[in-house]
Amino acid sequence: MPSLREAFATRVVDPIVWTAKGMPIGARFEEFRRGQWDDATTIRARQTERLRDLLIHAITRVPFYKERTGGLAPHAIRDDPWGSLQSFPILTKEDIRYHLDELTCDMGRGRIPERTGGSTGLPLHFYRDRHSMAASLGSTQLFFEWAGLERGERRVRLWGAPQDFASQRSPAARFLNYIHDRTLLDAFSMGDETMREYVRFLNRHPPVSLEGYTSAVYSLAQFIERQGLEVPPPRAVIVGASTLFQHMRETIGEVYRAPVFDHYGSHEVGVVAAECGAHDGLHVLSETIVLEAIGDDGRLLQAGEVGELVATNLWEYSMPFIRYEMGDRGVLSPEPCGCGRAYPLLREVVGRSSGCLVRADGGVVVPEIITRLFGLVYNTGDVRSFQAVQEAIDRITIRVELEPDSDGLPPDAQEGIASRIREAMGAPCEIEFVVVERIEPAASGKHLYVISKVDRDVASGGPVSAPAQE
């Protein structure tokens, strides 16, 4: 039985806000909720219809795809949407940076300017439309229901940087956070004293769900375990944004005494896949997404083969994301989930963990702070790629790959980045910038923005935990 506040938030406030924004989130959620138990043939037919309509729209209305699909005709797409999909190029971040205007189309659906926050590298400017965002949020709500959660229940999110909190200070934002009982905790500054305060907060205000960056939620769990502390168990712990390894899942589950739910996606295309209560893998949300694994030679791989993940958003028409390169390698499962839902499964995502910087007090600095400093706070347009390598507890080398026409990262930007990193590290730290011709990817194929060669437990004197993986 929902409380009066929950009922007011979900039955009064949400419909008013959604209507004002022109986003039929509730309708999409109910549609997806009804369809989740359909058989595989029915789900595939629904997905095929949406894919057909999107591809025909792309080749007839969007200049970028008109020029790059080799004269593909609408009738060919109608006859074979899935075969036609293979005629579309892989969409990269570079394509979006240099061909943004060619990728957009005014559909009267409210083109909403967006940009990534830099958590996956340099920021990317793009557009979403109201229908796409409604479908994405509707599918997200379905995932929350799989985790046993309902709208309006108390949520604590271990997520975001200081600049994210500025957007939460307006009267409207504070009202919505209050009425929905949402609290955002800074995941970018996690020394022991900060984590101790987070533990006190969780004990004073026990959440129904604890959500956050995998690395941040895991680091807080390690701190709680190391200090012999406890927090009230939430109903579910939801993690994302980096790989959830088995040893991390076990620690998180044991410390918080709650089931752990992983999910995968991006700001550009929304939630791609999410875990249900069976924990057999991540369901690809076929109502909104087509997910493919592509080989190094560009061929479509079969389930069970490791390949580059590319996603197609079936609801985005104002700026279609068709076969968008996610920047991760993964494996689609040939087996269905034991829960009975016929959505395909993403068995594993490879190479998403980029490690954390280790502080002298045993705390950590999550990698998202480094990527945001380069990608958002001090983005001068000079840097093509970057990587922070912690050589010792008090020494970090920042490797920088410059744009071809750049004279180098300006000194004031270097000093600003170094100052913010030292502040986050909480102790004196030598930081050196080194320009390199190319930053090679890890063996997994994933670019690692942060690499630490420091054993955190040696730094803190705590127990040795499982080694980092790439």
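Does at least one position in segment 211-222 carry a residue that is in contact with a Leu (Cβ under 9 Å, 6 or more places away or on another chain), assigned to a loop (DSSP other than H, G, I, E, B) and not polar (S, T, N, Q)? No, every residue in segment 211-222 fails to be in contact with a Leu (Cβ under 9 Å, 6 or more places away or on another chain), assigned to a loop (DSSP other than H, G, I, E, B) and not polar (S, T, N, Q).
Residue 254 fulfils the conditions (1) in a loop (DSSP other than H, G, I, E, B); (2) among the charged types (D, E, K, R); (3) out of contact with any strand residue (DSSP E or B) (no Cβ under 9 Å at 6 or more places or on another chain) except for a single criterion, (1). Check segment 290-301 and report whether any residue there is buried (at least 22 other Cβ atoms within 10 Å of the Cβ) and outside any loop (DSSP other than H, G, I, E, B). Yes, segment 290-301 has at least one match. Tell me whether segment 290-301 contains one or more residues that are at pLDDT 95 or above and touching a His at 6+ places or on another chain (Cβ under 9 Å). No: segment 290-301 contains no residue that is at pLDDT 95 or above and touching a His at 6+ places or on another chain (Cβ under 9 Å).
A residue that is in a helix (DSSP H, G or I), touching a strand residue (DSSP E or B) at 6+ places or on another chain (Cβ under 7 Å), modelled with pLDDT of 95 or more and over 30 Å from residue 201 (Cα atoms) occurs nowhere in segment 141-148.
Counting only helices (runs of 4 or more DSSP H) wholly contained in segment 1-89, no element carries 2 or more residues that are without any contact (Cβ under 8 Å) to a residue 12 or more places away in the chain and in contact with a strand residue (DSSP E or B) (Cβ under 7 Å, 6 or more places away or on another chain). Answer with yes or no whether residue 348 is at pLDDT 90 or above, surrounded by fewer than 20 Cβ atoms within 10 Å (Cβ to Cβ) and not in a loop (DSSP other than H, G, I, E, B). No, not satisfied. For segment 414-442, the set of residues classified as in contact with a helix residue (DSSP H, G or I) (Cβ under 6 Å, 6 or more places away or on another chain) and within 13 Å of residue 398 (Cα to Cα) consists of 417, 429, 431, 433, listed by residue number. Out of 426, 375, one residue alone is under 28 Å from residue 290 (Cβ atoms) and either surrounded by 15 or more Cβ atoms within 10 Å (Cβ to Cβ) or in contact with a strand residue (DSSP E or B) (Cβ under 7 Å, 6 or more places away or on another chain) (or both). It is 375. Quick one: would you say residue 185 is in contact with a helix residue (DSSP H, G or I) (Cβ under 9 Å, 6 or more places away or on another chain), touching a residue at least 12 places away in the same chain (Cβ under 8 Å), more than 21 Å from residue 372 (Cα to Cα) and crowded, with 16+ Cβ neighbours inside 10 Å? Judged against the criteria, residue 185 is not a match. For segment 90-100, filtered to residues that are touching a residue at least 24 places away in the same chain (Cβ under 8 Å) and surrounded by fewer than 17 Cβ atoms within 10 Å (Cβ to Cβ), the residue that is nearest to residue 298 (Cα to Cα) is 90. Looking only at residues in segment 302-317 that are at pLDDT below 95 and of a type in the set (Gly, Ala, Ser), the one that is surrounded by the most Cβ atoms within 10 Å (Cβ to Cβ) is 307.
When we screen 255, 272 for residues that are at pLDDT 95 or above and farther than 25 Å from residue 220 by Cβ, the only hit is 272. The set of residues in segment 90-105 that are in a helix (DSSP H, G or I) and closer than 22 Å to residue 293 by Cβ comprises 93, 94, 95, 96. Among the numbered conditions (1) modelled with pLDDT of 90 or more; (2) under 27 Å from residue 6 (Cβ atoms), the only one that residue 182 does not meet is (1). Scanning segment 391-433 for residues that are in a strand (DSSP E or B) and either touching a Phe, Trp or Tyr at 6+ places or on another chain (Cβ under 9 Å) or of a type in the set (Val, Ile, Thr) (or both) turns up 396, 397, 398, 399, 400, 401, 431. Exactly one residue among 176, 220, 202, 229 is closer than 29 Å to residue 421 by Cα and touching a residue at least 60 places away in the same chain (Cβ under 8 Å), and that residue is 220.
Of note, residue 284 does not satisfy the criterion of being closer than 30 Å to residue 38 by Cα, in contact with a Gly (Cβ under 9 Å, 6 or more places away or on another chain) and modelled with pLDDT of 95 or more. Screening residue 230 against (1) within 12 Å of residue 157 (Cα to Cα); (2) over 17 Å from the mean Cα position of the chain (by Cα); (3) among the charged types (D, E, K, R); (4) at pLDDT 95 or above leaves a single unmet condition, (1).
If you take the residues of segment 361-381 that are within 15 Å of residue 195 (Cβ to Cβ) and of a type in the set (Gly, Ala, Ser), which of them is nearest to the chain's Cα centre (by Cα)? Step by step, filter segment 361-381, then rank; the result is 363.
The values are calculated or read from the model by the stated rules, or taken from the named source; none is laboratory data. Only a predicted model underlies this, so the values are computations on that prediction, with no experimental measurement involved. A quick note on method: Cβ atoms are made from the backbone with ideal geometry, for glycine too, and the neighbour counts reach across all protein chains shown.
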